[in-house]
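The values are calculated or read from the model by the stated rules, or taken from the named source; none is laboratory data. Nothing here was measured: the structure is a model prediction, and the numbers come from that model. Methodologically, a virtual Cβ is constructed for each residue, glycine included, from the backbone with ideal geometry; neighbour enumeration extends over all protein chains shown.
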Amino acid sequence: MSLSPGSKNKLYYGYIIAAAAGVLQIIMWGLLNTYGVFFIPMHDEFGWSRAAISGARSFSMLVWGFISIILGSLNDRYGPRVIMAVCGCFLGAGYFLMSQVSTLWQLYMFYGIIIGIGVSATDVVVLSTVARWFKKKLGMMTGIVKVGTGLGMFIMPLAADGLISSYGWRDTYMILGIMGAIFVVSVSQLLRKEPGNIQQRPSIAKRDTPSNIHASQSGSSFHDATRTTRLWLTSIMYLTLWFCVNIVLVHLAPHAMDMGISSAKAAGILSSIGAISILGRLVIGFSSDRIGCRKSMIVCCTIFVISFSVLLMAREFWMLILFAIIYGFAHGGYATLISPMVAELFGMRSHGAILGIIIFLGTIGGAIGPVFAGYLFDTTGSYQSSFFVCIAMGVIGLILSTTLKPVTAKSL
């Protein structure tokens, strides 16, 4: 199939958008999910507390959450290509500079601020762009794109652990920074804002006719959305889930190593989450198109709570793998649902900005979680209390997920 404007069998450009979005998810989320692998090497070299090292990841989340609001609004107006390229440069620079860290303030500057800015566009810009290209089967397409996140979670921790074993953690950060910047900037050039920005042949008119393109601008305005209970309940739900997610991503590998498990096996547990999350992204993405995002989210939150009950009882490697399997499915599902859920609850008019505010408030929970768990470990020598709290937060998220009601045509 040709991409040229004059081709009668022209490939729908939305598929190019989806492919590029998936690759960006692999790179950017994959890099971000290596932090737990670097945790112990930095702890051993500098002797910083676990709360202090966790704090850099938490600070990064606050930065990317705040910037997400701005980038979501900019993407609604101007499109994703330049935004993603600039963020790719920040991401690469941040990882490169991490190779030079020698003081705690540098960790917070390089990882917290620079990498925080770099990763801020990963979901809000990429997923909002995909939502503009696929009006039908949006859950399915988002699930396919988010498979990239799962692949990144599966590949990158293992790759980082292997590089650290061969070259040390500093050179590994340098390699990841250079390669990450090159790939993100290059792939982002394939992105376009919406179908109206690319000439399409009549053969794909059923997918995106002018009326459908106009529909991409229907829905609640950002101002109107902020006046609804629906927005704040969704945000709080996302906050409770991200609180738990970041505890897992930052502290699961150290927790495993505290149990006497090797660093390679600990990295393998994180990778297992990424691998299983692929199944969750696909299954929940497909199911959301049939039963709706609300019911799909209820399923994810239920599995989420069950997984942390398993983690609380885990005393051996195989039980951590069992946790990774159960949790990974829920993790992939809920991460896939957030963008389609915004479209279902608020329409597409201000999708990027609304998604940005939900992500920002979610990152507050994600910022608190790792520091909270690190502090409890520093004071008690155990993560068990943190896992109890994760179960409670998951239950709150489950209750909130049952309250969300899809937007009706009249309300638009």
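Anything in the range 229-244 that is over 25 Å from Phe134 (Cβ atoms), surrounded by fewer than 24 Cβ atoms within 10 Å (Cβ to Cβ) and out of contact with any Leu (no Cβ under 7 Å at 6 or more places or on another chain)? List them, or say none.
Within the range 229-244, Thr229, Trp232 qualify.
Name every residue in the range 124-170 that is out of contact with any helix residue (DSSP H, G or I) (no Cβ under 6 Å at 6 or more places or on another chain) and not hydrophobic (A, V, I, L, M, F, W, C), in order of residue number.
Answer for the range 124-170, where residues must be out of contact with any helix residue (DSSP H, G or I) (no Cβ under 6 Å at 6 or more places or on another chain) and not hydrophobic (A, V, I, L, M, F, W, C): Thr129, Arg132, Lys136, Gly162, Ser165, Ser166, Tyr167, Gly168, Arg170.
Within the range 67-107, track down each residue that is charged (D, E, K, R) and buried (at least 21 other Cβ atoms within 10 Å of the Cβ).
Once the filter is applied, which keeps residues that are charged (D, E, K, R) and buried (at least 21 other Cβ atoms within 10 Å of the Cβ), the range 67-107 yields only Asp76.
Hey, among Ile399, Ile391, Ile359, which residue is within 22 Å of Met153 (Cβ to Cβ) and assigned to a helix (DSSP H, G or I)?
Numbers: Ile399 fails: within 22 Å of Met153 (Cβ to Cβ); Ile391 fails: within 22 Å of Met153 (Cβ to Cβ).
The conditions single out Ile359.
Residues checked against (1) surrounded by 18 or more Cβ atoms within 10 Å (Cβ to Cβ); (2) under 24 Å from Ser271 (Cα atoms); (3) of a type in the set (Lys, Arg):
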position	(1), (2), (3)
Cys300	yes, yes, no
Val310	no, yes, no
Tyr327	yes, yes, no
Thr336	yes, yes, no
Pro340	yes, no, no
Ala353	yes, no, no
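Which of the helices (runs of 4 or more DSSP H) found entirely inside the range 194-289 contain at least 2 residues meeting this: at pLDDT 85 or above and among the small types (Gly, Ala, Ser)? Can you show your working first?
Details: elements: 210-215, 222-225, 229-258.
Output list reads 229-258.
Which numbered condition in (1) in a helix (DSSP H, G or I); (2) out of contact with any Pro (no Cβ under 9 Å at 6 or more places or on another chain); (3) surrounded by fewer than 24 Cβ atoms within 10 Å (Cβ to Cβ) is the only one that Arg294 fails?
(2)
Examine the range 5-25 for a residue that is within 16 Å of the chain's Cα centre (by Cα), buried (at least 23 other Cβ atoms within 10 Å of the Cβ) and either over 25 Å from Gly118 (Cα atoms) or modelled with pLDDT under 90 (or both), and state whether such a residue exists.
No - not one qualifying residue is present in the range 5-25.
Being of a type in the set (D, E, K, R) and free of Cβ contacts under 8 Å to residues at least 40 places away in the same chain is the filter here, so list the residues in the range 50-86 that pass it.
Arg77 - this is the single residue of the range 50-86 that is of a type in the set (D, E, K, R) and free of Cβ contacts under 8 Å to residues at least 40 places away in the same chain.
Quick one: what pairs do we get from the range 379-397, first residue at pLDDT 90 or above and surrounded by fewer than 17 Cβ atoms within 10 Å (Cβ to Cβ), second of a type in the set (A, V, I, L, M) and part of a helix (DSSP H, G or I), C-beta under 6 Å, 6+ apart or different chains?
If the second residue must be of a type in the set (A, V, I, L, M) and part of a helix (DSSP H, G or I), the pairs left are Ser385/Leu376; Val395/Val305.
Only one of these is without any contact (Cβ under 8 Å) to a residue 40 or more places away in the chain and over 22 Å from Tyr78 (Cβ atoms): Trp105, Trp169. Name it.
Every option except Trp105 fails the conditions.
Counting only residues that are under 23 Å from Asp378 (Cβ atoms), give me the helices (runs of 4 or more DSSP H) lying completely in the range 1-116 with at least 2 of them.
Passing ranges, in order: 35-46, 50-78, 104-107.
Within the range 332-348, is there a residue that is modelled with pLDDT of 90 or more and under 16 Å from the mean Cα position of the chain (by Cα)?
For the range 332-348, residues modelled with pLDDT of 90 or more and under 16 Å from the mean Cα position of the chain (by Cα): absent.
Here is a list of conditions, (1) of a type outside the set (Lys, Arg); (2) modelled with pLDDT under 90; (3) within 22 Å of Trp29 (Cβ to Cβ), and Ser307 meets all of them except one; can you say which number that is?
Here Ser307 clears every test but (2).
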